[in-house]
């Protein structure tokens, strides 16, 4: 069964204090790994899709990396406006998976000025 | 429009009533998803449409839930005889192409009183 586990559940950082969020997954053939940002009362905002181990993508202060077992979302010198819940999801090639995304529970990030 | 559009944005209904939630995907996107997010919880898969293929209904929680997609575009999620536990945000997402990014709408907030 495809599974996604995110850690930590919550993270508090001071402005400028870099850190990483973890997404561990088990799938029967990875089709894609997705990162989203979700603000309270809003729908998830697409950040990145990673397709194969070794792939990296960057956007402003965010950098996503992928291995065969996990993905990291690195946040460099975060600002208060980076405060949000970050969601990881996988899409697999498994016979029981027709293309749906399986989501982790998310990491809630709070960046204090 | 440029993004996934959902309506209504908020709906309060009485227990036992039927509700319909609408999703307009991004133009040209062939795949459409419905997810549910209860307060403080992760995203729960409901149903997935891909082109003319049979939809993946494996996430629908009961036979009170149904969805259709007309003309390969607009989708409607129907909840019959609503219960209080149906209160949640219902999120729609769409994807174009086999390895495209998946974009979410802002959701329909359903409250059953």
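Are any of the residues in the stretch B:32-41 within 27 Å of residue A:3 (Cα to Cα), at pLDDT below 95 and facing chain A (nearest Cβ under 9 Å)?
Yes, because at least one residue in the stretch B:32-41 is within 27 Å of residue A:3 (Cα to Cα), at pLDDT below 95 and facing chain A (nearest Cβ under 9 Å).
How many residues does the stretch B:70-97 hold that are at pLDDT below 95 and on the phi > 0 side of the Ramachandran plot?
Result for the stretch B:70-97: 3.
Testing residue B:68 on (1) within 9 Å of another protein chain (Cβ to nearest Cβ); (2) closer than 30 Å to residue B:113 by Cβ, one condition comes back false. Which one is that?
Only one criterion is unmet by residue B:68, namely (1).
If I ask for residues that are without any contact (Cβ under 8 Å) to a residue 12 or more places away in the chain and within 14 Å of chain A (Cβ to nearest Cβ), which ones from the stretch B:71-99 would you list?
Answer for the stretch B:71-99, where residues must be without any contact (Cβ under 8 Å) to a residue 12 or more places away in the chain and within 14 Å of chain A (Cβ to nearest Cβ): B:98, B:99.
If we keep just the residues of the stretch A:9-22 that are under 28 Å from residue B:109 (Cα atoms) and touching a strand residue (DSSP E or B) at 6+ places or on another chain (Cβ under 6 Å), which is nearest to the other protein chains (Cβ to nearest Cβ)?
Step one: of the stretch A:9-22, the residues under 28 Å from residue B:109 (Cα atoms) are A:9-11.
So of that shortlist, the ones also touching a strand residue (DSSP E or B) at 6+ places or on another chain (Cβ under 6 Å) come out as A:10-11.
Details: A:10: 12, A:11: 17 Å.
The qualifying residue nearest to the other protein chains (Cβ to nearest Cβ) is A:10.
Against the condition more than 11 Å from chain B (Cβ to nearest Cβ) and modelled with pLDDT under 95, how does residue A:29 come out, does it pass? If you could, list the steps in order and put the result at the bottom.
Details: more than 11 Å from chain B (Cβ to nearest Cβ): yes; modelled with pLDDT under 95: yes.
Considered against the rule, which asks whether it is more than 11 Å from chain B (Cβ to nearest Cβ) and modelled with pLDDT under 95, residue A:29 comes out as yes.
Of the residues B:15, B:57, which is touching a helix residue (DSSP H, G or I) at 6+ places or on another chain (Cβ under 8 Å) and surrounded by fewer than 18 Cβ atoms within 10 Å (Cβ to Cβ)?
Numbers: B:57 fails: touching a helix residue (DSSP H, G or I) at 6+ places or on another chain (Cβ under 8 Å).
None of the others qualify; the one that does is B:15.
The values are calculated or read from the model by the stated rules, or taken from the named source; none is laboratory data. From a predicted model like this one, the values you see are computed outputs, not experimental measurements. So basically every Cβ, Gly included, is an ideal-geometry build from the backbone, and we count neighbours across all protein chains shown.
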